[in-house]
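K.L.:
One structure, as structure tokens, below. Some questions next.
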Amino acid sequence: MVTVEEFSEILRILESRYRLEIPSHISEDPFRILVGTILSQRTKDEITDSAYKRLFEKFPTIESLANASIREIEKLIKPVGFYRIKAKRIKQVARIILEKYDRRVPKDREELLKLPGVGDKTADIVLSVGYGLPEIAVDTHVETIAKRLGIAHERDKYMDVKKKLEELTPIHKRNIVNHLLVAFGKEICKKPKPKCTICPIKNFCNHYKLQTINEKITKNQNPDRNYVSFTRI
Ligand code: SF4
């Protein structure tokens with residue numbers, strides 16, 4: 001269990017290690033953040049960034065994207081994962097934002113979740129990055145780290161992990177938690193093999209404590225092999 005004070009120290013350590021770097025596909029207005037986040041689902045940042053650039057160079061406005069052909073969107077965003085489905089969703093989203101919301105991306109979680117291709121993570125990224133609201137977006141890095149640290153349980157779902165992290169984070173810091181944990185997850189707390197020996201927050205980590213205990217038990221069960229010798233029969 002990580003306390004509020006401990007989590008604040010974890011954030012301090014990570015803040016001193018990482019500069020705040022937002023990928024270019026989520027650095028502009030809420031509509032572009034929304035489209036960029038749909039593109040980024042199951043796709044690497046570099047691939048998302050270039051698809052995002054090609055797409056908005058050709059269709060810079062909500063209107064132009066809403067009127068674009070799906071075939072053309074597909075060509076521009078390929079090779080992002082599931083580009084055919086995403087092309088369809090992006091066009092639908094543009095049309096809905098244009099016709100139902102008068103060009104404004106909803107600032108409301110429930111409304112965002114009604115849009116095609118928008119799940120909890122995408123909604124939280126739009127709310128936190130696009131509108132500066134104190135929401136923590138839980139992606140695969142954030143979820144893994146929260147579970148390894150012992151903040152969340154293995155079986156916890158998206159909203160459980162988000163709630164537990166938000167309870168530990170002062171409101172003015174919630175916006176940076178995703179960015180810090182993503183940077184940390186890419187460099188050190190990797191999936192599937194974290195680099196625990198060089199981890200600057202290992203003293204707070206449940207996974208590390210359990211690993212250390214297991215190693216001690218294994219050592220005790222296997223007495224020093226140097227004392228064991230074998231003779232050829
Ligand atoms: S000690 Fe290992 S598992 Fe724990 S946070 Fe650090 S890298 Fe991740």
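The values are calculated or read from the model by the stated rules, or taken from the named source; none is laboratory data. From a predicted model like this one, the values you see are computed outputs, not experimental measurements. Please note: Cβ atoms are built from the backbone with ideal geometry, for glycine as well, and neighbour counts cover all protein chains shown.
K.L.:
Can you tell me which residue in the stretch 28-49 is surrounded by the most Cβ atoms within 10 Å (Cβ to Cβ), limited to those that are among the charged types (D, E, K, R) and more than 14 Å from A94 (Cβ to Cβ)?
P.N.:
Applying the filter and picking the extreme gives D49.
K.L.:
While we're here: Considering each residue of the stretch 136-177, count those that are part of a helix (DSSP H, G or I) and within 16 Å of the ligand (Cβ to nearest atom), and give that number.
P.N.:
15
K.L.:
If only one of L34, L76, L55 is modelled with pLDDT of 95 or more and closer than 17 Å to D139 by Cβ, which one is it?
P.N.:
Of the residues listed, the single one that is modelled with pLDDT of 95 or more and closer than 17 Å to D139 by Cβ is L34.
K.L.:
Might you let me know whether the stretch 186-202 holds any residue that is more than 13 Å from the ligand (Cβ to nearest atom), part of a helix (DSSP H, G or I) and modelled with pLDDT of 95 or more?
P.N.:
There is no residue in the stretch 186-202 that is more than 13 Å from the ligand (Cβ to nearest atom), part of a helix (DSSP H, G or I) and modelled with pLDDT of 95 or more.
K.L.:
Could you please find all residues in the stretch 203-213 being outside any loop (DSSP other than H, G, I, E, B) and either within 13 Å of the ligand (Cβ to nearest atom) or among the small types (G, A, S) (or both)?
P.N.:
Listed by number, the residues that qualify are N203, F204, N206, H207, Y208, K209, L210, Q211, T212.
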